[in-house]
1. crowded, with 17+ Cβ neighbours inside 10 Å and of a type in the set (Lys, Arg), is that true of residue 148?
2. Of everything in segment 68-81 that's part of a strand (DSSP E or B) and buried (at least 18 other Cβ atoms within 10 Å of the Cβ), which residue is nearest to the chain's Cα centre (by Cα)?
3. Would you check if there is a residue in segment 188-197 being among the charged types (D, E, K, R) and out of contact with any Leu (no Cβ under 9 Å at 6 or more places or on another chain)?
4. Just name the residue that is modelled with the lowest pLDDT out of those in segment 174-233 that are polar (S, T, N, Q) and over 30 Å from residue 153 (Cβ atoms).
5. For segment 108-140: of the residues being among the charged types (D, E, K, R) and without any contact (Cβ under 8 Å) to a residue 60 or more places away in the chain, which is least open to solvent (accessible area, probe 1.4 Å)?
6. Can you tell me which residue among 149, 116 is touching a strand residue (DSSP E or B) at 6+ places or on another chain (Cβ under 6 Å) and among the β-branched types (Val, Ile, Thr)?
7. Considering segment 151-163 alone, what residues qualify as being open to solvent by 30 Å² or more (accessible area, probe 1.4 Å) and assigned to a strand (DSSP E or B)?
Amino acid sequence: MAAFLRRAQPFLRPIARENVANISRQQWFMSKAYISTATQSFSTDGRTSERVFANYNIYKGKAALSASPRLPQFSKLDSGSLKVDRQGTIMLSFTPAIGERKYDWEKKQLFALSPTEIGSLISLGPDEACEFFHDPSMKSSNAGQVRKTLQVKPHADGSGYFITLSVVNNVQKISERLTVPVTKAEFAVMRTAFSFALPHIMGWDRYVNQPPKSIENSARMVDPQVKSLEWDR
């Protein structure tokens, strides 16, 4: 057996070196394939990687709640500096239930959380509540005709929270109230995910992790498949 191994050693060494190279490539790929808030492709050091994420979904009560990040959008000025065209958000989607495990996706309501509102949710204590008011039509002639209120209140027994979206749309004659009960464990996951996403939706991760040329290139990239604000329906 020892003699066989000595004869095979010249052949095993290249294989070993190749395995080390493969492991290095696998480690690089795994480091690039971490869960990210981006659905866009960014070029780093000449390599392009597709970053993906999974929405955080809660199906219970009379509605389904889904949370997903939306990256900010930048444009480059003639001076070479970057201008923020659209702030990043975390988009909450509320879909009413129409039966057991059935939801009316056509009646989905959106609520875009700003970084400050995300900070309020992240820092929420077990006995604290918060409430946010939005006018999605404030940039149009229908300003004041649509009002959205997001309310997060703790359960009376301290076991979790009620997340409620109220929508009054005088244009479409719609008045809805969608409530999703969330356990402490589910809220902990939401808090952790929001904390992770926060620097991404502020665009800070690109400046920290990418060279200047990559930052300029990513500033011109827009993903047409995702909506960033409540009024982008």
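The values are calculated or read from the model by the stated rules, or taken from the named source; none is laboratory data. Just so you know, these numbers come straight off a predicted model, no measurement behind them. We place every Cβ from the backbone using ideal geometry, glycine too, and count neighbours over all the protein chains shown. Side chains included, ligands, DNA and RNA excluded: accessible areas come from the protein's heavy atoms. Shrake-Rupley method; radii C 1.70, N 1.55, O 1.52, S 1.80 Å.
1. Numbers: crowded, with 17+ Cβ neighbours inside 10 Å: yes; of a type in the set (Lys, Arg): yes.
Considered against the rule, which asks whether it is crowded, with 17+ Cβ neighbours inside 10 Å and of a type in the set (Lys, Arg), residue 148 comes out as yes.
2. Here the answer is 69.
3. No, there is no match, as no residue in segment 188-197 is among the charged types (D, E, K, R) and out of contact with any Leu (no Cβ under 9 Å at 6 or more places or on another chain).
4. Filtering first and then ranking leaves 225.
5. Ranking the candidates gives 117 first.
6. 149
7. 151, 153, 154, 162
Results for (1) farther than 21 Å from residue 119 by Cα; (2) in contact (Cβ under 8 Å) with a residue 12 or more places away in the chain; (3) open to solvent by less than 40 Å² (accessible area, probe 1.4 Å), shown as yes or no for each residue.
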{"site": "165", "(1), (2), (3)": "no, yes, yes"}
{"site": "173", "(1), (2), (3)": "yes, no, no"}
{"site": "179", "(1), (2), (3)": "yes, yes, no"}
{"site": "193", "(1), (2), (3)": "no, yes, no"}
